[in-house]
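The values are calculated or read from the model by the stated rules, or taken from the named source; none is laboratory data. Just so it is clear, the structure is predicted and the values come from calculations on it, not from any experiment. Using ideal geometry, Cβ is built from the backbone for each residue, glycine included, and neighbour counts are taken over all protein chains shown. Ligands, DNA and RNA are excluded from the accessible area calculation, which covers all protein heavy atoms including side chains. Shrake-Rupley method; radii C 1.70, N 1.55, O 1.52, S 1.80 Å.
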Amino acid sequence: MLETDIGRVLSVRAQQLGLPASSRFVIGCLDQYAGAIGTGTLSPGRVCETTGTVLSAVRCAGEMRDDVSAGVFQGPGFAPDRFFQMNFSSTAANLLQWYRDQLPGKPSFDALTALAASANDDVIIEPADANGSIAGSFRQVKRAHTPGQVVRGIMRCVAGALADQISNLCGANRPAEIHSAGGAARNDLSLQIKA
């Protein structure tokens, strides 16, 4: 975008936000917003998710809303008529990273996924407490549970957190598809469980 185009967009954005047109903006981009643009989440109603250190869902909107759910952040988007709504969860790939780091030899994520693919759903992993120890998410894991069961439980827990985020962002107007970004987007089993 040319510098004059950016100036025009910022001037319009300032007026939409009730600020003087002469307001100065420092331009930057949160990585989840950049991921939304990169996944093609460019028209109102489209949604993407990023599963990394945190889980984030981003929805493109055509306007700022006054009635967003608690925990939903919103802000200006890449064009005067585009806005992003986003929420975060501490229930994310950090659970898998923590669990893997507890295992002897720290198996690869691919090896753990292979074990999870044939495991049952007997393990409940609890959502991460943003203010507590990540170990608390694993209270229900017993010695008899296999790594595959635990990893599958982690994937199911993250999928549940994503479902909550989509409900907060979209209400009854759920998107037909959700684009995925981040390291977990390369994991077919995790994507299937999320779907």
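Key figures for this structure:
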{"item": "Looking only at segment 91-107, and only at residues there that are farther than 25 Å from Leu42 by Cα and hydrophobic (A, V, I, L, M, F, W, C), the one that is surrounded by the fewest Cβ atoms within 10 Å (Cβ to Cβ)", "result": "Leu103"}
{"item": "Count - residues of segment 158-176 that are out of contact with any Ser or Thr (no Cβ under 7 Å at 6 or more places or on another chain) and either among the small types (Gly, Ala, Ser) or open to solvent by 20 Å² or more (accessible area, probe 1.4 Å) (or both)", "result": "11"}
{"item": "Which numbered condition Phe88 fails, given (1) open to solvent by less than 70 Å² (accessible area, probe 1.4 Å); (2) under 20 Å from Gly183 (Cα atoms); (3) in contact with a strand residue (DSSP E or B) (Cβ under 6 Å, 6 or more places away or on another chain)", "result": "(1)"}
{"item": "Hits in segment 181-191 (condition: open to solvent by 40 Å² or more (accessible area, probe 1.4 Å) and small (Gly, Ala, Ser))", "result": "Gly183"}
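Rundown of residues vs (1) touching a residue at least 12 places away in the same chain (Cβ under 8 Å); (2) among the polar types (S, T, N, Q); (3) more than 14 Å from Glu49 (Cβ to Cβ); (4) out of contact with any helix residue (DSSP H, G or I) (no Cβ under 8 Å at 6 or more places or on another chain), yes/no style:
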| residue | (1), (2), (3), (4) |
| --- | --- |
| Ser89 | yes, yes, no, no |
| Asp129 | yes, no, yes, no |
| Gln140 | yes, yes, yes, yes |
| Met155 | yes, no, no, no |
